[in-house]
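A short worksheet on the structure shown next.
The values are calculated or read from the model by the stated rules, or taken from the named source; none is laboratory data. Being a predicted model, the structure only gives us computed values, none of them experimental. Every residue, glycine among them, receives a Cβ derived from its backbone with ideal geometry; neighbour counts consider all protein chains shown. Remember, those area values only see protein heavy atoms, side chains included, never the ligands or the DNA or RNA. Shrake-Rupley method; radii C 1.70, N 1.55, O 1.52, S 1.80 Å.
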Amino acid sequence: MSSVGLFAFGSAGGGGGVDLGGAPFVVVDVETTGLSSRSDRIVEIALVRVEGGRVVDEWATLVDAGRDPGPTFVHHITADMLSGAPTFADVAGEILSRLDGAVAVAHNARFEEGFIAQEFARAGIDTAPLPAVCTLRLARQVLAAPNFQLVSCCAAYGIELHDAHTALGDTRATAQLLTRLLADAPALRFPSAPVPLPRYPRHARPRTRVAGLRKGPDGWIQSLLGKLPYSTSDADPASAEAYLAAVGGALSDGKLTGVEAKALARLAGQSGMGAQQVRDLHHRYLDGLRDAALADDILTSTEYQQLVTAARLLGEPDYFADLTAPEADTTHRTRAVRQKGQRVWCSPSVSADARDRLTQAGFVLASNLTRNVVAVVAAADRDDAKVARARELAIPIRSELALDDMLGTTPTLSPAPHQPGTAALGVEQHESRDEPTPAVAVPVPTPRSPQVVAGWYLDPSGRWTYRFWDGKGWTERASAGDGRTWSDSTGLPLWCAPTTDGLVDGQQPHTLTDQIMTMQKTDLHAALLLTVRCIDAVENDARISGHGVAPWYYERAAIIFAGLGDPAAEVAVLERFARQRHAPGATPARLLERLRHRQATAHA
């Protein structure tokens, strides 16, 4: 065993030292501008966490080295790809937090050690030695191979090395190699146990990349998802909207070409998204198609085919399996008359009497699930596939047993409790919806406050992770979920209150951006009011965190002012944006260009 520099290497079968037992491993790989850790720099880094022989997390980012990327023919990273990427200092906090308490692993680990140690030194970060494993050294002890390069060691175990010389591809292969080597090696002993690593701010979101995209047997999108890390951070609203717009444009002709898939991959990478974030946006897009097709509760054969085609192209062939396909070749709806009233979907076992009572009260029975319906579910159907789909769509679910309450007061509806109600941890927010007034008037409900204990619950404003409920109402105390708390006095509207099972009751905005987009269709002034209050909030956040502001809310306010025919106000909100510090990864060029154009028009 030896302890040199950043890594304190363990070895197999030796005496003394520390047995770290079930400590997690974090496999790390870097791509660099050259071979010298003193004069060259890291241009990409990936970390893969292994627990109990299983990969549980992945993270990767390109790194702006402040110079040319070096041997592009090896790692295929160009200067253009690094433009706008975070520096190593920007992501050092993320790297430290992922290495904390774990055993670092790399193939030919001296290489990674030298580069990472130099980057930490440049950032002024000093750490105690990390327990580490070099799979090349371990392979020499237990494996018979012609050489001990990563590709040769993987071949000896039948491990496929995909995307060689990408940081993520090499870490994935090394993670598989590690588990095989550990199964064949004597117990590892280390010079010391892990020590807490220093905390360091995270200054920027990652910049991911998709290398060697191929259509393959599962299609372009499955290949794209497979080449991204599992999950990173959610894209900022502007990037999400840009990606959704690109998806819509790519699928508009019912096909997805390689050029279009690569454009989507670039957008995903530039936004720092992982596979889960991309998949979530695809679901959001498909849910929007569902809502548009079923806005009048009539699904034509043309619409059904368009939905199925879009889902297949996005790698989700069963996404609309819950829809009832049209029986006949209905391609138009000129005969259809839109029925007014709140739409209700009933599960198969809901009685005919219950359905009659609903229609007599002015509700409209829907044959398919959309996010603007309420689902009434019989006890026998709790495990029905369509009921499960309703939960995925965050559709409000009411028990058939609660029908009297629903028909008597039409109270605010809450989603089905599909997660354990423990302090609202992991509870998602859901999209708001404008509910049409039933054709037959029903009594106005009396607001009811759920009797729940004071505590931290999911923040219904969508701006923070948690907000404190004092037992009677929401307070100004908010938290980002990392132990820090803030006083949030911006007065953003809170549409909902926590329920006794820890979920969130009332109108369920998926995000504030969705709420604004929904409002904008029906009430520009209300949308503008909420947008401006959000601008106040993000500027307040920026002052607290120092991270700067993203352009989405400003751009949306400018669009609304333009729609209201108020060019002076449009220029004012754009100038307000120009005065702000912009968030890392934000792309304000388009907005600033709009400001210059409006100013030039005003002075013409």
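Summary table
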item	result
Mean Cα-pair separation over length for the range 1-124, i.e. relative contact order, pairs under 8 Å, 6 or more apart, %	28
Extension reserve of the LYS255-ASP523 stretch, reckoned as 0.36 nm per residue once the Cα distance is removed	92.9 nm
Length gained when the stretch ALA578-GLU476 is fully extended (0.36 nm per residue, less Cα-Cα span)	33.9 nm
The range 8-146, dipole about Cα centre (Lys/Arg Cβ +1, Asp/Glu Cβ -1), debye to the nearest 20	480
Whole-Hz couplings from phi, Karplus 6.51/-1.76/1.60, listed for the range 274-286; x for Gly and Pro	x, 4, 5, 5, 5, 4, 4, 5, 4, 4, 4, 5, 5
Trypsin sites (Lys or Arg not before Pro) restricted to the range 208-299 and DSSP loop, no more than 15 other C-beta within 10 Å	ARG214, LYS215, LYS255
Solvent accessible area, Å² - TRP220, 1.4 Å probe, full protein context	50
Residues LYS215 and ASP383, FRET efficiency given R0 of 45 Å [Cβ-Cβ distance, rounded to 0.05]	0.75
Solvent-accessible area of PHE88 with every protein chain in place, 1.4 Å probe, in Å² to the nearest 10	10
HIS203-GLN360 pseudo-label distance in nm [points 7 Å out on the Cα-to-Cβ vector]	6.9
ASP566 paired with ALA187, simple spin-label distance in nm, labels 7 Å along Cα-to-beta-carbon	7.2
Length-normalised contact order for the range 28-90 - Cα pairs under 8 Å, 6+ apart - percent	29
Label-point separation in nm, ALA121 to ASP100, each point 7 Å along Cα→Cβ	2.5
Selection from ALA385, ALA352, ALA402 lying farthest towards where the dipole of the range 352-404 points positive, charges on Cβ	ALA385
Mean separation of Cα contacts under 8 Å, 6 or more apart, over the residue count of the range 191-312: relative contact order %	31
Proximal lysines relative to LYS521, as straight alpha-carbon distance under 23 Å, when same-chain residues fewer than 8 apart are discounted	LYS340
Per-peptide average of other Cβ atoms within 10 Å, ordering 348-358, 45-55 highest first	45-55, 348-358
Prolate/oblate/rounded call for the range 131-211, Cα gyration tensor, a/c under 1.5 rounded	oblate
Dipole in debye (nearest 20) - the range 87-242, about Cα centre, beta carbon charges: Lys, Arg +1; Asp, Glu -1	300
Partners for LYS215 among lysines (Cα-Cα distance below 16 Å; same-chain residues under 8 apart left out)	LYS227, LYS255, LYS262
Gained length - THR324 relative to SER301, 0.36 nm times residue gap less alpha-carbon distance	7.2 nm
FRET efficiency estimate (nearest 0.05) - Cβ-Cβ, ASP57 to LYS262, R0 41 angstrom	0.95
Burial order of peptide ranges 593-601, 390-398 (average beta-carbon count within 10 Å, highest first)	390-398, 593-601
For ALA378, residues with placed amide H under 5 Å, excluding near neighbours	SER347, SER349, VAL350, GLU400
